[in-house]
Amino acid sequence: MPERKAAWVRPMFEAIAPRYDLLNFLISFGMHHGWRRRAVRETLRHEPRVVLDTGTGTGDLALAMLRGGGGPEVIGLDFAGGMLRIARRRAEAARAGERARFVMADALHPPLADGSVDAVVSGFLLRNVDGLPEVFAAMARVLRPGGRLVILEMTPMRRRLLRPFFRLYFNRWVPLLGRLVSRHASAYTWLPQSVDEFISAEALAGLIAAAGFSDVRVRRLGLGSVALHTATRA
């Protein structure tokens, strides 16, 4: 893999975009819908007017903010054009109008003014970026003081009894399923590798606090395989 993740990750996501949502459903046994609903509830609890969904992918999280006819303006940001094309088609089908717009940009450099959004949310982005402190600094920059940060991310399994089964599933079955469905030879070998190499949920909380956030909280989901981090911009 190149020294910079983006050089490898971007074309990978471009290639798997058409099958991305199906694979998320199959790999998580549909549980990812519940995780995203939890993230949406945490984000909307403070009634934000403008939300940035960074690493929006096909727009699942962004569009979930708008269901029910209300909700904030949502800006979905991603650096993979194939993902954004799907997100825009889904927004059009949902008749989201101007309430959802999708922008091609890197999470390290969101093209937004300082303090211009009320909440920043991301789902399963962080393992794919090159610098976590830089990403959190960018999120803090665009958030207004008092704004909310909501992060969903895979996290290394720490339950001893479940760890062998989790590793077997992720290291053997997920790459095989990924190859069969996405027809991409290596995309879904990256998923278990990135989880294995990722920092703990507690260490991630420390980086969030160091970036200028307060009230950092961690909740484990998916039998401990997923962490939901929430925090407030100081």
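The values are calculated or read from the model by the stated rules, or taken from the named source; none is laboratory data. Fair warning: this is a prediction, and the values are worked out from it, not measured in the lab. Note that each Cβ is placed from the backbone with ideal geometry, even for glycine, and that neighbours are counted across all protein chains shown. When the accessible area is computed, the model is the full protein with side chains, heavy atoms only, and any ligands, DNA or RNA have been set aside. Shrake-Rupley method; radii C 1.70, N 1.55, O 1.52, S 1.80 Å.
Worth a mention:
- Burial ranking of peptide ranges 116-122, 216-222 (average Cβ count within 10 Å, highest at the top): 116-122, 216-222
- Long-range amide H partners of residue 221 with built H, under 5 Å: 226, 227, 228
- Per atom type, the chain shows carbon and sulfur on 55% of its accessible surface, probed at 1.4 Å.
- Sites residue 94 and residue 6, calculated FRET efficiency, Cβ-Cβ separation with R0 25 Å, nearest 0.05: 0.30
- Farthest towards the positive end of the charge dipole of the chain, among the residues 74, 43, 8, is the Cα of 43, using unit charges on the Cβ of Lys, Arg, Asp and Glu.
- Ellipticity estimate at 222 nm from DSSP helix runs (n ≥ 4, -39,500 (n - 2.57)) divided over the chain, nearest 500: -12500 deg cm²/dmol
- Under a model in which nothing but the beta-carbon of Lys, Arg (+1) and Asp, Glu (-1) is charged, the stretch 1-152 shows a dipole of about 440 debye around its Cα centre.
- Computed over protein heavy atoms with a 1.4 angstrom probe, the accessible surface ordering of 197, 42, 134, largest first, is 197, 134, 42.
- For the stretch 104-205, the dipole from Cβ point charges (+1 on Lys and Arg, -1 on Asp and Glu) about the Cα centre works out to 640 debye, to the nearest 20.
- Counting DSSP beta bridges with both ends in the chain, the antiparallel % (nearest 5): 40 percent
- Ratio Rg/Rh, restricted to the stretch 45-100 and using Cα atoms, in which Rh is the Kirkwood radius: 0.95
- Think of each Lys and Arg Cβ as +1 and each Asp and Glu Cβ as -1; about the Cα centre, that makes the dipole of the stretch 24-111 roughly 320 debye.
- With every protein chain in place and a 1.4 angstrom probe, the accessible-area ranking of 35, 8, largest first, reads 8, 35.
- In the full protein context, the chain carries 48 Å² of accessible surface per residue, based on a 1.4 Å probe and ignoring ligands, DNA and RNA.
- Label selected from (i) 1.11; (ii) 0.96; (iii) 1.30, the criterion being Cα Rg over 2.2 N^0.38 Å as computed here: (ii)
- Charged neighbours of residue 86, selected by a Cβ distance under 12 Å, balance to 0 (K, R count +1; D, E count -1).
- Percentage of interatomic Cα-Cα distances in the stretch 9-133 larger than 23 Å: 26 percent
- Per-residue extension of 0.36 nm, minus the Cα-Cα distance of residue 165 and residue 45, leaves a gain of 39.7 nm for this segment.
- Surface calculation, 1.4 Å probe, protein heavy atoms: residue 173 sits at approximately 150 Å² accessible.
- Report note on the peptides 123-130, 17-24: ranked by the mean count of other C-beta atoms within 10 Å, highest first, their order is 123-130, 17-24.
- Paramagnetic reach from residue 134 (point 7 Å along Cα→Cβ, amide N under 11 Å) across the stretch 86-114: 107-109
- Scaling against 2.2 N^0.38 Å puts the C-alpha radius of gyration of the stretch 150-191 at 1.33.
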